[in-house]
Amino acid sequence: MERKKLKKALLLGAGAIAGIQGAKLLSRGIINRTHDKILKILMEDKYDENLWELISAVTRIGLQNVLETNLRATEGKAIERPMGSPKKFPSLDDLVFTFAQLHNMPTPLEEKIDMSVVIGKKAKRPFTVSIPIIIAPMAYGEALSKEAKIALAKGSALAGTATNTGEGPFLPEERAAAKFLIYQYNRGDWGKTPEIIRQCDAVEIQLGQGAIGGVGHVIAAKDIDKQLRKDFAFPKGKPAIAHSRQAEVKRPADLVKLVNKIKDIGGGIPVGVKMAAGKHLEADLRIACEAGVDFISLEGAEAATKASAPILQDDFGIPIVFAISRAATWLKENGYKDRVTLIASGKMRTPGDVLKACALGADAVYMGAVALFAFSHTQVLYPLPFEPPTQVVWYHGKFAKKFKIKDGVKYLAQFLQSCKEEIELGIKALGKTSLAEVGREDLMALNELISQGCQIPLVYEPFTAKN
């Protein structure tokens, strides 16, 4: 009996294996015939009837441009692209560091590295961050959820650095969570009260930003829900309008009045400006510095925002590598280097980007998009694969309610700590002991454009004392 059962089982197993093999052979045959048929059509159809024409055209025009062409055709108005330009600008990638070995000796392993940065060097009430990375201005309500803003504030506090409110409504919870809070003095008519200013560690006057310049924008009344309307302190039916200019700066000479007003209200906290880098950068810097600012937040063409027109992202502004170089040179030549803190912003992605920006002359950098990726970490799995990962952090995101503050804080703090340790290694590799010692002499350029634009020697130039 047992032998019969075993024989039957073996026969059934053999039949199953044969069936699987048969299915494989059948499916391979179908795939092969389909493959050959498709290729034959592509090989023989006339080009104007050939499906490959689509591949050829898309390759020529670009997939991004084809997609946005269709969006423009659908919407019939200026489209808004989130998260910045995909365009490849000349960048910090075109710079590399030297190694200290004999001409300059490496820093001993046990040596402590000073990475602290003073915000508002000559302000009455400056503050010092532990690392040269500050969380970029990202607005509550206009962009991020309350939970996301709290997580960014707490994570930055654990890392000993600052976070920026962005232009949205002031969040008391963000103030409570942050160690250092920079308040963005927006171009709208909300917030900006003495009570708010006195709670903050610095104020940044928003003049413009890299992904939108000085162009204004509107949040329609219908997109402002009950909670957000309460936070804006707006009556029902009122839109939120960020104007192209600061209401109190009708002409350049008015900036000094606004700077002094905020300094008086804030009791001497650092007051700065945020602006995009353009052709007239040096003239803009002069006006800002002569107005008495304590810091300048400078954004390059690569900077991102929640949404702005592609033309403003792709076709305006100066790449951040040149913006830092020009600004740092001007500040030094005009006696402001030791008085005004320079914060660089725009596609700061890695510890290497941060150290290169500081070597070019920035004191610190803003990190925005990368901070979002870091603190949302595995929580992006909630919206993926059918929705963009940002849907877990946007105020109106479909998965915003699933965002866990505790996890966001943990992963942002760990990311910043990791960046700190890598930057320390970079400083040691240069034979230095502090961030302040790192300079252009530590850099080499990979191409002539960057070399000439930033006054950095090319990698193939033999070393001489003048290098």
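A few points about this structure:
- In the set (1) without any contact (Cβ under 8 Å) to a residue 60 or more places away in the chain; (2) over 23 Å from residue 143 (Cβ atoms), residue 391 fails one condition alone, (2).
- Filtered residues of the range 447-463 (kept if within 17 Å of residue 326 (Cα to Cα) and either in a helix (DSSP H, G or I) or touching a residue at least 60 places away in the same chain (Cβ under 8 Å) (or both)): 448, 449, 450, 451, 452, 453, 454, 455, 456
- Of all the residues in the range 249-261, those that are under 18 Å from residue 193 (Cβ atoms) and surrounded by 20 or more Cβ atoms within 10 Å (Cβ to Cβ) number 1.
- Test: residue in the range 363-386 that is buried (at least 19 other Cβ atoms within 10 Å of the Cβ), farther than 28 Å from residue 150 by Cβ, modelled with pLDDT of 95 or more and touching a Ser or Thr at 6+ places or on another chain (Cβ under 9 Å): no
- Entry remark, the range 339-349: residues being surrounded by fewer than 24 Cβ atoms within 10 Å (Cβ to Cβ) and at pLDDT 95 or above number 1 in total.
- Those residues of the range 172-189 which are surrounded by fewer than 20 Cβ atoms within 10 Å (Cβ to Cβ) and hydrophobic (A, V, I, L, M, F, W, C), in sequence order: 176
- In the range 268-295, the residues that are touching a residue at least 24 places away in the same chain (Cβ under 8 Å) and on the phi > 0 side of the Ramachandran plot form Cβ pairs under 7 Å with partners that are polar (S, T, N, Q) and in a helix (DSSP H, G or I), at six or more places apart or across chains, as follows: 292/260.
Per-residue answers, yes or no, for (1) β-branched (Val, Ile, Thr); (2) over 24 Å from residue 143 (Cβ atoms); (3) exposed (fewer than 13 other Cβ atoms within 10 Å of the Cβ):
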{"residue": "66", "(1), (2), (3)": "yes, yes, no"}
{"residue": "74", "(1), (2), (3)": "yes, no, yes"}
{"residue": "78", "(1), (2), (3)": "no, no, yes"}
{"residue": "82", "(1), (2), (3)": "no, no, no"}
{"residue": "85", "(1), (2), (3)": "no, no, no"}
{"residue": "90", "(1), (2), (3)": "no, yes, no"}
{"residue": "93", "(1), (2), (3)": "no, yes, no"}
{"residue": "98", "(1), (2), (3)": "yes, yes, no"}
{"residue": "103", "(1), (2), (3)": "no, yes, yes"}
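- Residue 417 being assigned by TED's automatic domain parsing to the domain that holds residue 204, assigned to a helix (DSSP H, G or I), within 20 Å of residue 133 (Cβ to Cβ) and of a type in the set (S, T, N, Q): yes
- Figure legend. Inter-residue proximity from the range 215-235: first residues without any contact (Cβ under 8 Å) to a residue 40 or more places away in the chain and more than 17 Å from residue 196 (Cα to Cα), second residues of a type in the set (Val, Ile, Thr) and surrounded by 13 or more Cβ atoms within 10 Å (Cβ to Cβ), beta-carbon distance below 6 Å, spacing 6+ or different chains. Indicated pairs: 218/241.
- Beta carbons closer than 7 Å, at least 6 apart along the sequence or on distinct chains, pair a first residue in the range 73-85 that is assigned to a loop (DSSP other than H, G, I, E, B) with a second that is among the acidic types (Asp, Glu) and surrounded by 10 or more Cβ atoms within 10 Å (Cβ to Cβ) for 79/68; 84/302; 85/302; 85/314.
- Qualifying residue in the range 272-294 (condition: at pLDDT 95 or above, surrounded by 21 or more Cβ atoms within 10 Å (Cβ to Cβ) and under 30 Å from residue 405 (Cβ atoms)): yes
- When the strands (runs of 3 or more DSSP E) confined to the range 141-229 are screened for residues that are more than 20 Å from the chain's Cα centre (by Cα) and of a type in the set (Val, Ile, Thr), those reaching at least 2 such residues are found at 217-219.
The values are calculated or read from the model by the stated rules, or taken from the named source; none is laboratory data. Please read all numbers here as calculations on a predicted model, not as lab measurements. Neighbour counts run over all protein chains shown; Cβ positions are idealised from the backbone, glycine included.
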